[in-house]
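The values are calculated or read from the model by the stated rules, or taken from the named source; none is laboratory data. Predicted, not measured: the structure shown is a model, and the values here were computed from it. Here the Cβ is made from the backbone with ideal geometry for all residues, glycine too, and neighbour counts use every protein chain on show.
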Amino acid sequence: MEIIGPVLVSGITTGALYALATLGLSLVWGSLGMLNMAHGTLLTLGGYAAFTAASQLGLPVPLAVLAATAVGGVIGALIFVLVAYPLSRRSPETFETTIMIATFGVALTLENAVLRLYGGQPLGQPLSVGGAINLGGFALPWQNLIIVVSAIALMGATALFLTRTKAGRAIRATAQNPDAAKLMGVPVARVYLQVLILSGMLAGVCGVLVSSITQLSPSLGADPMLKAFIMCVVAGLGNLPGAIITSFGLAIVEALVQFLAGARWGFPALLAIVILVLIRRPGGLFGRVEVRRL
Amino acid sequence: MKREDLAHPLVGLVVLAAAIALPFYVDSRYVIGQVTLGLFYAIVASQWNLLFGFSGVFSLAQMALFGFGGYATAMLCFYFGLNIWAAMPLAAVATVLFSLVIGAACLRLSGAYTALLTLAVAQVMYLLIVTDTDCFVMVGTQCRQLTGGAVGFARFGDLGTRAMFKAKFLVANYALVVALFAITMVFTWAIIRGPIGLAFRALRDNPGCAMARGISRFQMQLLVFGLSAFFTGLAGGLYAAHFNAIGPGVLSFSQLFFIIAMVVVGGIGRLWGPLVGAIVLVAADEAMREIGEFRSLGLGIIIAAVMVLMPNGLIGLFESIWNRLRTRNPGMTAEMSGETPA
């Protein structure tokens, strides 16, 4: 049973990353009803921003992470101001699909901008720590520990922000019922902007973490984003705690399948689980079935 | 017959005449080749338009179905030695069956859920083909994977046009693609005009009311999924036959969104939207060849900008200009209809 250790280490590490990516996606979906196809690109931009700050400008690690956060937040804000806001004003009834196409255009643009600026070859993220702790039989790399701890800390901070602050309460109110929130004097458009900035900041840090165990490449965010989408769907789009639990659970299953059957079967196994779950529970594992008025 | 009913066939005849005239005026093999490629895109885009524009199913598996048709054709020829002309319709039927399996799994949900699941299916298909390294058969001294692996299949059959038309074979292939395009458009037009098309559109515009009138959303959307898969798969087969090669590249993200961009630029839910979009984007792609490196970047900006600035596409833009010109003449109605948003 010596595979349990490595499977858990790799499963929990990727789980933490998926959970962080899912958190940003789910936040935006839950409040704006917008599936941000550029979320993966925000991860990529975060990773490259940290790389530029740390190895090209020689800034210390905390500043590099801050740079990644800032870039994610700014791009998130730009996506809202330039794309999401005009689209939602123009055609609210088709927003759900048009925003996916439009944000994909954004993703394509940004990803190619990264490709032009940095080139296609993979780069090493300087913000990674070597070495490992020996836990009686298997090694726990420091990097993995750092990832899990920072991901959990970020999720905790987000949860505190959403539940304890006035801005967080406004976000939750808008997610539950935008019209009622507006009538209570919540500036809904500003809340939406805040949500996208928050989601972009989370994505920026997540990109730094993802690139610290893999490598920097223009398509860095694509794989975590697709997985995060799947986690969101299984959990029920817009459900934050459910999305986090699902991320860890499915990541461990994925790691197990990859160890037992080979790396290429991890994703197909995930997809099969997702489809089976959705056939039984179309609203997702934790999703409430929506009652829509006509 | 109403005037609107005549408009589409008339446009169709003009397009067909232009397509037939083209090889008589243009001698460049390169241009003919690019127009052929554009027509392949237009066929796939028109079927995605049938699915999304007319029926409201946001599927991201369109290129996966196109690829499936191409791969099925190549594999039927490669492993079973079938004639390519027999393989193409078989592959198209196989694509329909494959699409029904995907549809049964993904269409119970709607909107963004369907989009994500179909995208995941397409991505899994791509990954499984690219990472396939196990030897299935040995060709000479070379190992060949069941799915062709990252390389794909090449030289598995021939349409016979090369032997029949010698140097002019490219024009013959072009004629085949034009014919397939024409049949596809007639098929699409017949569907959206008929009672099924009405049901599709009802489900798109107001699923709740449509279901209350006794239309089964799942069955109808599965039907349109299967219907649109047939010509998509057939186009995939002809694509594989035309280039005599098929690889995992057709399943890539950028190819899928190139198709979607065509529908968006031309006009979602407009019969001729995909063709207009294909012409504009292939032409823009050619124009951007000068600035080579920035092609995808430009494409991304075009998609986002068109979506935000003119959500009804070029045809929608023409329609609103046309309506404004028409209502300007009879004085009174101009002020009344001028205020209503398009």
- Item | Answer from B:ALA154, B:ALA182 - the residue that is of a type in the set (A, V, I, L, M, F, W, C) and either out of contact with any strand residue (DSSP E or B) (no Cβ under 7 Å at 6 or more places or on another chain) or crowded, with 18+ Cβ neighbours inside 10 Å (or both) | B:ALA182
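Out of curiosity, is A:ALA50 farther than 30 Å from A:THR94 by Cβ, over 16 Å from the mean Cα position of the chain (by Cα), crowded, with 24+ Cβ neighbours inside 10 Å and among the hydrophobic types (A, V, I, L, M, F, W, C)?
Numbers: farther than 30 Å from A:THR94 by Cβ: yes; over 16 Å from the mean Cα position of the chain (by Cα): yes; crowded, with 24+ Cβ neighbours inside 10 Å: yes; among the hydrophobic types (A, V, I, L, M, F, W, C): yes.
For A:ALA50, the condition - farther than 30 Å from A:THR94 by Cβ, over 16 Å from the mean Cα position of the chain (by Cα), crowded, with 24+ Cβ neighbours inside 10 Å and among the hydrophobic types (A, V, I, L, M, F, W, C) - is met.
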- Query: So which of B:LEU222, B:LEU275, B:LEU234, B:LEU238 ends up being more than 15 Å from B:PHE40 (Cβ to Cβ) and surrounded by 18 or more Cβ atoms within 10 Å (Cβ to Cβ)?
  - Reply: B:LEU222
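Return yes or no: is B:VAL265 over 18 Å from the mean Cα position of the chain (by Cα) and within 14 Å of chain A (Cβ to nearest Cβ)? Break it down stepwise before answering.
Numbers: over 18 Å from the mean Cα position of the chain (by Cα): no; within 14 Å of chain A (Cβ to nearest Cβ): yes.
No, not satisfied.
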- Query: Out of all the residues in segment A:141-175, which are polar (S, T, N, Q), in a helix (DSSP H, G or I) and more than 15 Å from A:ALA21 (Cα to Cα)?
  - Reply: A:GLN143, A:ASN144, A:THR163, A:THR174
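Out of all the residues in segment B:134-155, which are at negative phi and either among the charged types (D, E, K, R) or facing chain A (nearest Cβ under 9 Å) (or both)? Even if it seems obvious, please write down each step before you answer.
From segment B:134-155, those at negative phi are B:134-139, B:141-147, B:150-151, B:153-154; that's our starting set.
Those that are at negative phi and either among the charged types (D, E, K, R) or facing chain A (nearest Cβ under 9 Å) (or both): B:ASP134, B:ARG144.
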- segment B:86-115: number of residues that are part of a helix (DSSP H, G or I), over 19 Å from the mean Cα position of the chain (by Cα) and either within 11 Å of chain A (Cβ to nearest Cβ) or among the β-branched types (Val, Ile, Thr) (or both): 6
- Task: Specify which of the listed residues (B:LEU203, B:LEU223) is of a type outside the set (Lys, Arg) and either at pLDDT 90 or above or under 17 Å from the mean Cα position of the chain (by Cα) (or both).
- Result: B:LEU223
- Look at segment B:26-61 and say how many of its residues are part of a helix (DSSP H, G or I) and within 18 Å of B:LEU170 (Cα to Cα). 13
- Task: From B:LEU271, B:LEU275, B:LEU299, grab the single residue that is within 24 Å of A:PRO86 (Cβ to Cβ), touching a residue at least 40 places away in the same chain (Cβ under 8 Å) and either touching a His at 6+ places or on another chain (Cβ under 7 Å) or outside the structural domain of B:ALA120 (by TED's automatic domain parsing) (or both).
- Result: B:LEU299
- Message: Here are the criteria: (1) under 30 Å from B:ARG204 (Cβ atoms); (2) touching a helix residue (DSSP H, G or I) at 6+ places or on another chain (Cβ under 8 Å). Tell me which single one A:THR44 does not satisfy.
- Response: (1)
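So how many residues does segment A:86-99 have that are in contact with a helix residue (DSSP H, G or I) (Cβ under 7 Å, 6 or more places away or on another chain) and either at the interface with chain B (Cβ under 10 Å from one of its Cβ atoms) or under 16 Å from B:ILE268 (Cα atoms) (or both)?
The first filter runs over segment A:86-99 and keeps only residues in contact with a helix residue (DSSP H, G or I) (Cβ under 7 Å, 6 or more places away or on another chain), leaving A:86-88, A:91, A:95-96, A:98-99.
Next, from what is left, pick out any that are either at the interface with chain B (Cβ under 10 Å from one of its Cβ atoms) or under 16 Å from B:ILE268 (Cα atoms) (or both): A:86-87, A:91, A:95-96, A:98-99.
Selection size over segment A:86-99: 7.
Okay, residues lined up against (1) within 30 Å of B:ASP27 (Cα to Cα); (2) free of Cβ contacts under 8 Å to residues at least 12 places away in the same chain:
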{"position": "B:ILE129", "(1), (2)": "no, no"}
{"position": "B:PHE136", "(1), (2)": "no, yes"}
{"position": "B:VAL139", "(1), (2)": "no, yes"}
{"position": "B:ARG144", "(1), (2)": "no, yes"}
{"position": "B:TYR174", "(1), (2)": "yes, no"}
{"position": "B:THR188", "(1), (2)": "no, no"}
{"position": "B:ALA202", "(1), (2)": "no, no"}
{"position": "B:SER216", "(1), (2)": "no, yes"}
{"position": "B:LEU227", "(1), (2)": "no, no"}
- Task: Test each condition in (1) buried (at least 24 other Cβ atoms within 10 Å of the Cβ); (2) free of Cβ contacts under 8 Å to residues at least 60 places away in the same chain for B:ILE246 and report the one that comes out false.
- Result: (2)
- Just need a number here: residues in segment A:100-125 that are more than 9 Å from chain B (Cβ to nearest Cβ), over 10 Å from A:PRO218 (Cβ atoms) and buried (at least 17 other Cβ atoms within 10 Å of the Cβ). 1
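Give the number of residues within segment B:235-254 that are in a helix (DSSP H, G or I) and either in contact with a Pro (Cβ under 6 Å, 6 or more places away or on another chain) or within 12 Å of chain A (Cβ to nearest Cβ) (or both). Break it down into steps so the answer makes sense when it comes.
Taking segment B:235-254 as the starting set, the residues that turn out to be in a helix (DSSP H, G or I) are B:235-243, B:248-251, B:253-254.
From the residues that got through so far, the ones that are either in contact with a Pro (Cβ under 6 Å, 6 or more places away or on another chain) or within 12 Å of chain A (Cβ to nearest Cβ) (or both) too are B:253-254.
Matching residues across segment B:235-254 total 2.
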